[in-house]
1. Could you work out how far helix 2-30 tilts from the main Cα principal axis of the chain, as a 0 to 90 degree angle to the nearest 10?
2. Full-extension gain between residue 196 and residue 135, please, as 0.36 nm times their residue separation minus the C-alpha to C-alpha distance.
3. Just to verify a number: FRET efficiency for residue 147 and residue 408, C-beta to C-beta distance, R0 = 45 Å, to 0.05?
4. Treat the count of other C-beta atoms within 10 Å as a stand-in for reagent exposure and order 284, 384 from fewest to most.
5. Which parts of region 274-314 would a label at residue 113 reach, counting a residue when its backbone N lies under 16 Å from a point 7 Å out along Cα-to-Cβ?
6. Residue by residue, what Karplus-based ³J(HN,Hα) values in Hz, rounded to whole numbers, does region 274-291 have, using 6.51, -1.76 and 1.60 with θ = phi - 60° and x for Gly and Pro?
7. What is the extension gain from residue 310 to residue 225, computed as 0.36 nm multiplied by their sequence separation minus the C-alpha to C-alpha distance, in nm to one decimal?
8. Find the percent of Cα-Cα distances in region 283-407 that exceed 23 Å, and round it to a whole number.
Amino acid sequence: MVNTSSNTLQRSQVNKVIPILEKNYGNNLDSDYTEKIEELDKNFNYSSNSHAYWSEPENSLLYGTPLYEKASETQKLALNHLHWIIFYKGVADSEIELINYNTITADCLMAENNDYEMLVKLLANESFQERKHIHAFCQINYLTIKALLGKKALINSGADKFSCQDKNISVFPDIFSVVNSISNIMLKGREKYQSQNFRDWNKEGKIAPSTQGFFNGFSGKSTKSIQELLPLNWGSYPFLAANFYAVRYMANLALKNNEFPIHNYFRKLQKAQEFIPIPTAISHYHFLDEAFHTTTSLFLGRDFYKTLPKPSIYEKVMANLAVLQAQRNNLIALSGIVPNRFYNDGEAISFLMKLFQSPVFDMSAKEAIFWIEKCLCHEHDGFHINLKSHARLLSDLRKFAEQLDYLWPVNREMRVMASGGSIQKAIKNNIKAFSKFAQAL
Ligand SMILES: [Fe+2]
Ligand SMILES: [Fe+2]
């Protein structure tokens with residue numbers, strides 16, 4: 001009796017979710033936003049776009065800091081452009097990561113039920129669009145960094161990568177080493193769900209790219225084995241394939257938190273018939289393209305898993321670790337210098353040294369250190385503005401997470417992210433990182 005009613009519930013969920021996704025896929029195919037992005041990408045050069053803001057001034061690097069108050073108009077424009085490229089470097093890395101995961105999870109779901117072929121096509125189309133997005137972001141990133149910071153900045157890390165990372169630091173070394181060993185056992189016997197793509201990429205060690213996006217973690221604090229652990233599971237269990245889309249929805253919300261204001265800025269310029277910089281237009285069309293992807297993530301992550309057989313304890317643990325990892329690696333703190341960035345500023349110190357000594361500010365090393373201390377280690381408006389952004393994203397994430405019945409309270413209430421929303425904590429951590437940096441000089 002119980003089985004029959006749960007089967008009926010599953011069937012009614014399938015009946016509800018698949019037509020919504022089919023419609024979403026059709027609407028996406030009918031749109032031309034990706035083509036518009038491709039065209040804008042081809043036509044970008046920095047000098048034709050350098051005289052205008054690419055987003056509202058409050059979406060600028062160092063906005064609200066004492067240095068921003070003293071900056072010239074040219075420097076303010078550069079800080080606005082740098083925020084755009086830093087933000088979209090993170091987006092490009094996240095999209096490089098999710099292309100693989102779209103494929104292996106689609107294959108995994110197909111293995112569960114041949115009727116899901118539409119999902120495979122829908123996700124392949126989204127991956128195709130991501131490749132065009134990544135190209136545009138990387139192209140603008142490259143040309144802007146070269147123009148603003150000089151060719152030297154492109155050598156080594158690329159100035160957009162905040163360094164000071166220790167790849168060997170793991171946020172949960174003990175839990176994950178145990179889970180890694182269990183996982184090796186649990187993945188045996190799952191071959192039916194693991195596609196040829198999965199096997200090829202796993203054999204070549206390419207299942208998780210070496211990028212610093214949302215899935216590997218913006219903070220650069222997770223190890224290669226942790227980064228591989230989650231996709232190996234996402235591609236082997238249909239329930240976990242659906243869980244990937246819950247994590248992808250978290251990434252979609254984080255993206256929207258920054259991109260929606262740029263979309264509004266685009267509309268404002270359009271209405272006033274003012275010049276629209278190419279990066280602003282790309283953000284606008286990307287926002288529209290991503291609206292389709294966000295719908296996919298929402299229905300696969302929130303509803304579709306209910307159509308699948310009930311998860312085992314192992315699957316529930318892995319799904320919770322995936323959400324926990326997303327919080328720990330992307331949403332653990334509050335930046336006072338980069339709007340919509342929610343991890344420690346300590347990791348940005350070496351980038352700030354480069355920026356302050358570049359042609360944009362032309363400071364001596366002594367002046368650069370002085371300003372780093374001023375911007376990182378004292379309370380200013382930058383922290384307060386970002387705290388509002390933090391609260392908005394936290395509320396959106398909680399609204400979503402409370403609908404997932406398999407989540408632990410730490411995830412359902414986004415407790416890790418919530419604990420990072422503190423200006424005092426952020427400044428305390430910055431003082432620690434700054435002293436370490438000053439001592440090493
Ligand atoms: Fe995208
Ligand atoms: Fe996307």
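1. Rounded to the nearest ten degrees, it is 50.
2. Numbers: separation 61, 0.36 × 61 = 21.96 nm, distance 2.64 nm.
My answer for the length gained is 19.3 nm.
3. Working: r = 47 Å, r/R0 = 1.04.
In this case the efficiency is close to 0.45.
4. On the way: 284 24, 384 13.
With the sparsest Cβ surroundings first, the list reads 384, 284.
5. Zone members listed by number: 299-311.
6. Calculated HN-Hα couplings, in order: 9, 4, 10, x, 4, x, 5, 5, 5, 4, 4, 5, 5, 4, 5, 4, 5, 4 Hz.
7. 27.9 nm
8. Value for region 283-407: 53 percent of Cα pairs lie more than 23 Å apart.
Computed from the coordinates by the stated procedures, all read-outs in this text should not be read as laboratory data. Quantities reported herein were computed from a predicted structural model and do not represent experimental measurements. Every residue, glycine as well, gets a Cβ built from its backbone with ideal geometry; the counts of neighbours run over all protein chains shown.
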